[in-house]
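Encoded as structure tokens, the structure appears first; notes follow it.
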Amino acid sequence: MSFLPLFLQAANAAGASGSAASSGAAAGAGIVTFLPFILIILIMYFLMIRPQNKKQKETQKMLDALKKGDKVITIGGIHGTVSNVKDDTVTVKVDDNCRIEFNRSAIASVVNPKSVVEMKGDKDKKDKDSKSDSSSEKTDVSEDKKDE
């Protein structure tokens, strides 16, 4: 789609009319013509570009914070523990006698064992709460039956 005819049409409308009011109306019509395109660009920025930049910054922070002893998962799915950190590379201990050197960018995520334990603890707590809620409901029902 070419925008050249739209510009030429707006220029001809502004140049052909001698009054300032009609040239202002033609300029306003040109802005209204491009308003949908501007809105689409803004929507794309807030729905696609901005979240991607935020995720990229978080990933870079994670890679910069790598240290010896961190449990990591690579983009290839290899699980291991960081045994050595250099400027551009990370050595991952996969087994007792197996160490693999990766680029920092090959690390997909850092596994935090504390968060896994906390999530399991929260899940167990929710299970206990739901069991106690269901038992209290049973006692409420039995009390209702006694009242009748």
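The values are calculated or read from the model by the stated rules, or taken from the named source; none is laboratory data. Since the model is a prediction, treat every value here as computed from it, not as a measurement. With ideal geometry, Cβ positions are generated from the backbone for all residues, glycine too; neighbour counts draw on all protein chains shown. Surface accessibility is based on the protein's heavy atoms, side chains included, excluding ligands, DNA and RNA. Shrake-Rupley method; radii C 1.70, N 1.55, O 1.52, S 1.80 Å.
Numbers at a glance
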quantity: Where Ser109 falls short, out of the listed (1) surrounded by 13 or more Cβ atoms within 10 Å (Cβ to Cβ); (2) in a strand (DSSP E or B); calculated: (1)
quantity: Search result, residues across the stretch 75-102 that are in contact with a strand residue (DSSP E or B) (Cβ under 6 Å, 6 or more places away or on another chain) and among the polar types (S, T, N, Q); calculated: Thr81, Ser83, Asn84, Thr89, Thr91
quantity: Among (1) open to solvent by 50 Å² or more (accessible area, probe 1.4 Å); (2) at pLDDT 95 or above, the one test that Asp64 misses; calculated: (2)
quantity: Selection count where residues are within 13 Å of Lys93 (Cβ to Cβ) and open to solvent by 40 Å² or more (accessible area, probe 1.4 Å), scope the stretch 67-78; calculated: 4
